[in-house]
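Worksheet: one structure, shown below.
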Amino acid sequence: MLDAASDLELGEEDIARFREDGFLVIERLVAPVEAKRLRDRFEPMFRGDFETGLHPDEWNWAEGRDPPDVTRQICNAWKSDRTLAARVLSAEVGRICARLAGWPGARIGQDNMLWKPAGAKPIGFHQDDAYCRWVVPPHYVSLWLALDDTAAEGGTLEYARGSHEWGVTPPRHAFHAPDDYRAALREAAAAAGAEVPEIVPVEVPAGGGSIHDGRTWHGSAPNRTDARPALGRRPLRLLAGPLPPERDQLHLQPLQARRRRGDGRELLPRPVARGRLPDAVHRSLCRRRPRALSRPVGALAILSARADPSSPPRPPCTSGRRSCPAWCARTG
């Protein structure tokens, strides 16, 4: 287990362990004070208190509407909250993921706010790459940031060591609340001619977490703790994809914008295809926090690590807005 501060430096041994096991557990990814700041945004977000005025892409649990003992999820919360955006869009996330994966850079694909209260049911074992076949290339690395102390009995994330070597298996079992949350893992091991490997729970203090290959099998058991249902496990998961070398100095589109039509042609939202940023999104993200957001940044042009850190910087935003401190995809 790697023990590191927020300015994480990965050694060759860490990279080798990641590539051998398919994951790397990290004692500290962010400082405890930042973990608390992120954790404090969960209740407002799940109440529908969206700071920027923009809804996230998915919001599948709301206070007063849904049962209190189910796992809750919000996808792409960065659009709705600047505190969360500061971490999700940070260049540090892209740098770490790119270094472990051997990529020249990385771009954000999606974030997930997950809230697993006491008594919540399991999440079935699965591979992230099985759900991103429309991405080119179809491969993710995920960073899982624990915002509470985690333990096996609390339904923390579990990894099957070395399972990333088996290839990618299409999803066949229930994702949420399956009767047997390891059934898909056993089937995949049998298909690969392998024994079911060691299962490793991610047990870290708040601010710690893990990073895993998109082909690594992972899931989580029920939360068997007797804590107050309103509490429970609250991680923030970030999925990053590779940044091709030829795009290293270009403004980036998120992976979710790159879906393919039946004829194989790429389909991009019109504002992205024109190289412009929608006004509403520009106002919501570029208005404040000049140091919190990464470069390049904008609602549809996110993040990230450059392959060549010595390359000259791009000119700043030319949108004409005096209040825009970020470097974004708007070109005038």
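The values are calculated or read from the model by the stated rules, or taken from the named source; none is laboratory data. No experiment lies behind these values; they were computed from the predicted model shown. Here the Cβ is made from the backbone with ideal geometry for all residues, glycine too, and neighbour counts use every protein chain on show.
Here are the numbers for the structure shown:
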| quantity | calculated |
| --- | --- |
| Condition check for residue 140: closer than 18 Å to residue 212 by Cβ and without any contact (Cβ under 8 Å) to a residue 60 or more places away in the chain | no |
| Failed item in (1) surrounded by fewer than 23 Cβ atoms within 10 Å (Cβ to Cβ); (2) closer than 23 Å to residue 242 by Cβ; (3) of a type outside the set (A, V, I, L, M); (4) touching a helix residue (DSSP H, G or I) at 6+ places or on another chain (Cβ under 8 Å), with residue 90 passing the rest | (4) |
| Filtered residue count, the stretch 170-222, keeping only those that are at pLDDT 95 or above, under 24 Å from residue 133 (Cα atoms) and crowded, with 17+ Cβ neighbours inside 10 Å | 17 |
| Candidate set from the stretch 102-147 (those that are small (Gly, Ala, Ser) and within 14 Å of the chain's Cα centre (by Cα)); member that is nearest to residue 77 (Cα to Cα) | 109 |
| Matching residues in the stretch 226-260 - criterion: being surrounded by fewer than 18 Cβ atoms within 10 Å (Cβ to Cβ) and either modelled with pLDDT of 60 or more or of a type in the set (Gly, Ala, Ser) (or both) | 226, 227, 230, 257 |
| Scan of the stretch 110-146 for residues that are in contact with a strand residue (DSSP E or B) (Cβ under 8 Å, 6 or more places away or on another chain) and aromatic (Phe, Trp, Tyr), ordered by number | 115, 125, 134, 140, 144 |
| Qualifying residue in the stretch 48-63 (condition: farther than 25 Å from residue 185 by Cβ, in contact with a strand residue (DSSP E or B) (Cβ under 8 Å, 6 or more places away or on another chain), surrounded by fewer than 19 Cβ atoms within 10 Å (Cβ to Cβ) and in contact (Cβ under 8 Å) with a residue 24 or more places away in the chain) | yes |
| Matching residues in the stretch 31-87 - criterion: being within 20 Å of residue 123 (Cα to Cα) and in contact with a Pro (Cβ under 7 Å, 6 or more places away or on another chain) | 68, 69, 74, 75, 76 |
